[in-house]
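Below: the structure, in structure tokens.
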Amino acid sequence: VELKIAPPYEAISYCWGDPERRKKVICGGETLRITKGLSAGLKRFRYPEEARILWADAICINQSNDQEKGHQVNIMADVYDHASAVLVWLGEASRRAAKRAFRLLRAINDYIDWRIVESEFANNPSLAMANVPKLVDRRRLFRNQAGSSALRDFFSRPWFYRVWVLQEVALASSASIFYGATWIGFSEVVQAAFILSFRP
């Protein structure tokens, strides 16, 4: 379907993973072989009771046709820009590990928001952002070793090291990160990552 008349759809941002480990999926009456990572993501995003329209490059682009692939690469920004949401799939993770990582991300954000409100920076947001390093107290944030390890594992996922993801999420009207059975808003991750970048 042409993008300008496409029905509402969500685009998946993910890492292909091992190209040798494949799963079968039926699409348009045809059987396709997709990576194990994408297969897991599709199962995670599938609604049990209703249809959901998703866009994933490995399925929506004919991977055996170089001409089509070249054309699609040129309109990739439009594909993500027109999507109603971008669903970032990091892969499988235990619910406990994901919750620990997300709990710490939110604690970092809450802590900085509280420190900014409580400080003289509250009336000047640009000054507050410039002074984030002064506000970060690592001892207070990283007391729990299990949470720290979970967050390190979260940011070690291959998706965070792909250059293409910048375009995929930057153009999104809305983006969420799915980590196993749990998810978090992309903006929450960006804010915490920005804060963490000031303190190794």
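The values are calculated or read from the model by the stated rules, or taken from the named source; none is laboratory data. What you are looking at is a predicted structure, and each value in this text was computed from that prediction instead of being measured. Here the Cβ positions follow ideal geometry from the backbone for every residue, glycine too, while neighbour counts run over all protein chains shown. Ligands, DNA and RNA are stripped out before the accessible areas are found, and what is left, the full protein with its side chains, is counted by its heavy atoms. Shrake-Rupley method; radii C 1.70, N 1.55, O 1.52, S 1.80 Å.
Between Q145 and E2, the modelled labels are 6.2 nm apart [label points 7 Å from Cα along Cα→Cβ]. Applying 0.36 nm per residue to the separation of L54 and S173 and subtracting their alpha-carbon distance, the gain on full extension is 41.3 nm. Proximity of backbone amide H atoms, modeled 1.01 Å from N, is registered between Y9 and S84 at under 5 Å, excluding neighbours fewer than 5 places apart on the same chain. Taking 0.36 nm per residue of separation and subtracting the current Cα-Cα distance, fully stretching the chain between C27 and V163 would add 46.1 nm.
Under Stokes-Einstein, with the Kirkwood radius over Cα pairs as Rh, the value for segment 1-98 at 4 °C and 1.567 mPa s is 88 µm²/s. In the chain, carbon and sulfur make up what percent of the accessible area (probe 1.4 Å)? The nonpolar share, carbon plus sulfur, comes to 52 percent. Rolling a 1.4 angstrom probe over the protein heavy atoms with all chains in place gives segment 56-103 an accessible area of 54 Å² per residue. Over every Cα atom in the chain, the radius of gyration and the widest Cα-Cα span, Dmax, amount to 19.4, 62 Å.
Taking every DSSP beta bridge that has both ends in the chain, the antiparallel portion is near 45%. Counting every pair of alpha carbons in segment 73-113, the share spaced more than 14 Å apart comes to 68 percent. As a size descriptor, the averaged projected area of the C-alpha convex hull of segment 1-56 was calculated at 4.6 nm². The phi torsions of segment 187-193, fed into the Karplus equation with coefficients 6.51, -1.76 and 1.60 and a -60° offset, translate into couplings of 4, 5, 5, 4, 4, 5, 5 Hz, rounded to whole numbers, with Gly and Pro shown as x.
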